[in-house]
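Chemist: This is the structure, below, for whatever I ask next.
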Amino acid sequence: MAQVQQPKTSSSSPLTPTTSGQDTPPHKAHPHPNYVGIWVFLAVLTAAELTVAFLPWHKNVIIALLLGMALWKAALVGLYYMHLRFETRRIVILALGPLPLCVILVAAVATEFFW
């Protein structure tokens, strides 16, 4: 039987990814965060939110505290469980890009409450 010859290509294997002429930086090894400690901290923040929600304080103070704690929890989840703390700047910008849209939508809904 006749063998089919493969055209000669570069010295790289067909299974190795090509970079199309661009040098990609190697991934830096990063220390693994204490996931259990972060989970415990998130649980404590959740318990604090439940406590604050039932305090006999002014409603605006309660809402401000709850929003602050929710943003803190979201930042912890994004930084550690989504590994944004260890990503490049472009990935962080891509992940945080939709936040202005969320602010606009919340402001639009809030205006219906006040008018």
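Chemist: Gain in length, residue 95 to residue 34, computed as 0.36 nm per residue apart minus the alpha-carbon separation, to one decimal in nm?
Modeler: 19.7 nm
Chemist: Moving on. Give the shape of the range 35-95 as rounded, prolate or oblate, defined through the alpha-carbon gyration tensor: a ≥ b ≥ c are the square roots of its eigenvalues, a/c under 1.5 means rounded, and otherwise the shape is prolate if a/b is larger than b/c and oblate if not.
Modeler: Since a/c reaches 1.5 but b/c is at least a/b, the shape of the range 35-95 is classed as oblate.
Chemist: Could you please rank 112, 49, placing first whichever residue has the fewest other Cβ atoms within 10 Å of its Cβ?
Modeler: By the 10 Å Cβ count, ascending: 112, 49.
Every read-out reported here was derived from the displayed coordinates using simple, explicitly stated rules and does not represent laboratory data. Computed from a predicted model, the values in this text were never measured in an experiment. FYI the Cβ positions are ideal-geometry reconstructions off the backbone, even for glycines, and counts take in every protein chain you see.
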